[in-house]
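Following: one structure in structure tokens, then a few remarks.
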Amino acid sequence: MYIPNATFIKIYKIAGMVTLIVDSGTAFFNKANTPIFNIPEKYRPNETLYFSASYRNSTKSNTFFLYSNGNLIKSEADDNLGAYYFTISYPAKTIN
């Protein structure tokens, strides 16, 4: 996936499981409570996923929401330009 200012965002689907790998670069900075990006339908979860990730240059972390509509949202603003690094896996959305 191409996201402006992100270093690396990859999404894979194997046997009904999705893995999302993120090195956000500066793409997530000051984007709180607004969609950061949208995942294509075949990679979306059936229900909202909640997870935490810390960011570089800080001891703080943030909560993320990956909604079943594909929107990834970060709950709080950042206090510096540190990049987020995370990998999550989840079952792919059931598409009829």
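What the table shows:
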{"read-out": "Spacing of the two label points (7 Å from each Cα toward its C-beta) at residue 46 and residue 86, in nm", "value": "2.2"}
{"read-out": "Share of carbon and sulfur in the accessible heavy-atom surface of the chain [1.4 Å probe, %]", "value": "49"}
{"read-out": "Solvent exposure of the chain as accessible area per residue, Å², 1.4 Å probe", "value": "57"}
{"read-out": "Sequence-distant lysines (8 or more away, or on other chains) whose Cα lies within less than 20 Å of residue 60", "value": "31, 74"}
{"read-out": "Charge context of residue 31, other residues only, Cβ under 12 angstrom, K/R +1, D/E -1", "value": "-1"}
{"read-out": "Surrounding net charge for residue 93, when Lys and Arg each add one and Asp and Glu each subtract one, Cβ distance under 11 Å", "value": "+1"}
{"read-out": "Tensor-based shape of the chain (alpha-carbon gyration tensor, a/c under 1.5 rounded, otherwise prolate or oblate)", "value": "prolate"}
{"read-out": "Rg/Rh for the stretch 51-96, where both radii come from Cα atoms and Rh is the Kirkwood radius", "value": "1.06"}
{"read-out": "Long-range HN-HN contacts of residue 8 with modeled amide H, under 5 Å", "value": "23, 25"}
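The values are calculated or read from the model by the stated rules, or taken from the named source; none is laboratory data. Just so we're clear, the structure is a prediction, and the values are computed from it rather than from any experiment. Here Cβ is always computed from backbone atoms with ideal geometry, including for glycine, and neighbour counts include all displayed protein chains. Accessible surface is based on the protein model in full, side chains and every heavy atom, while ligands, DNA and RNA are left aside. Shrake-Rupley method; radii C 1.70, N 1.55, O 1.52, S 1.80 Å.
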